Amino acid sequence: MAKCDDINCPVHGTLSTRGAVLEGTVKSDKMDKTVIVQRDYYVKSKKYDRYKRAKSRIPAHNPPCVNAKTGEDVKIMECRKLSKTVGFVVVEKKEGEQNQ
């Protein structure tokens, strides 16, 4: 990780994290210091007694020291609301194979 001067960085700034810890894949990094993280999971259908695929797309703050790009697997943590939609922050990139 590189050093950054972002006040909303959980490592170098003063932003505290608490609550949910989630993993997902970055689907969009077009915004300034914000990424869209997609989580894929399964939900059981009671009617058909089977599992179906579901996804959720979560906006998360992307500090300059992490600098996650599209297709990378990341870990995000819950924090205070940083804007109208952003309530999570990218904590680290997951090493290993990259999804495209």
- Yes/no for Val86 being out of contact with any Ser or Thr (no Cβ under 9 Å at 6 or more places or on another chain), modelled with pLDDT of 95 or more and of a type in the set (Val, Ile, Thr): no
- Query: What is the one condition in (1) in contact (Cβ under 8 Å) with a residue 60 or more places away in the chain; (2) crowded, with 18+ Cβ neighbours inside 10 Å that Pro64 does not satisfy?
  - Reply: (2)
- Query: Could you list, in sequence order, the residues of segment 45-78 that are among the hydrophobic types (A, V, I, L, M, F, W, C) and either in contact with a helix residue (DSSP H, G or I) (Cβ under 9 Å, 6 or more places away or on another chain) or modelled with pLDDT of 95 or more (or both)?
  - Reply: Ala54, Ile58, Ala60, Val74, Ile76, Met77
- Could you check Asp73 against (1) acidic (Asp, Glu); (2) in contact with a Gly (Cβ under 9 Å, 6 or more places away or on another chain); (3) surrounded by fewer than 16 Cβ atoms within 10 Å (Cβ to Cβ) and say which number it fails? (3)
- Message: Going by what's in this entry, would Lys94 be described as at pLDDT 95 or above and either over 18 Å from Thr14 (Cα atoms) or touching an Asp or Glu at 6+ places or on another chain (Cβ under 6 Å) (or both)?
- Response: no
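The values are calculated or read from the model by the stated rules, or taken from the named source; none is laboratory data. No experiment lies behind these values; they were computed from the predicted model shown. A quick note on method: Cβ atoms are made from the backbone with ideal geometry, for glycine too, and the neighbour counts reach across all protein chains shown.
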